[in-house]
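Have a look at the structure below before the remarks.
FYI, it's all coordinate maths here, none of it is from the lab. Bear in mind the structure is a predicted one, so any value in this text is a computation, not a measurement. Methodologically, a virtual Cβ is constructed for each residue, glycine included, from the backbone with ideal geometry; neighbour enumeration extends over all protein chains shown.
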Amino acid sequence: MKNPYPSRAKDRWQHALTRPLTRRTPYETIELIRGDLFELLDLLTTHFFDHPESHAANNADIQRVADRLKELTPYRDRAARAAMKAGRIDYACNIEPDDDDPGPSCGPFSMKGWQELHRHSEQVHR
């Protein structure tokens, strides 16, 4: 049985930090992992800790997220090329960025993965 990505309501942050990666990990799964890691990083960098022990643990968690993002990079590149070749994703540029975006952005995208990530983000912010 495949190791599926967890439901958006379950412990996705821990899963994103520990899920084994293989050369066959789909691009869509890698993007969900990255989205969860950036969400966790946002929480870790905006939450204030009162105790020095908590601050040290927070810094360790930030380093874990950074290490995992670095680990994902070669897998993401390989998976993106395979997904583009298979026609599951496309390459696009956002030439009309939102007001808070620094400028146009280009890259591979998967509509299914991004729709799920945005749907979850909207639920969290309600």
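Summary table
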read-out: Sequence ranges 59-67, 12-20, ranked by mean other-Cβ count within 10 angstrom, highest first; value: 12-20, 59-67
read-out: Theoretical gain in end-to-end length, Phe48 to Arg81 [0.36 nm per residue, Cα-Cα removed]; value: 7.9 nm
read-out: Potential extension, Gln123-Thr22 segment - 0.36 nm per residue separation minus Cα distance; value: 33.3 nm
read-out: Rounded to whole Hz, the Karplus (6.51, -1.76, 1.60) HN-Hα couplings of region 67-74, x for glycine and proline; value: 5, 5, 4, 5, 5, 6, 3, x
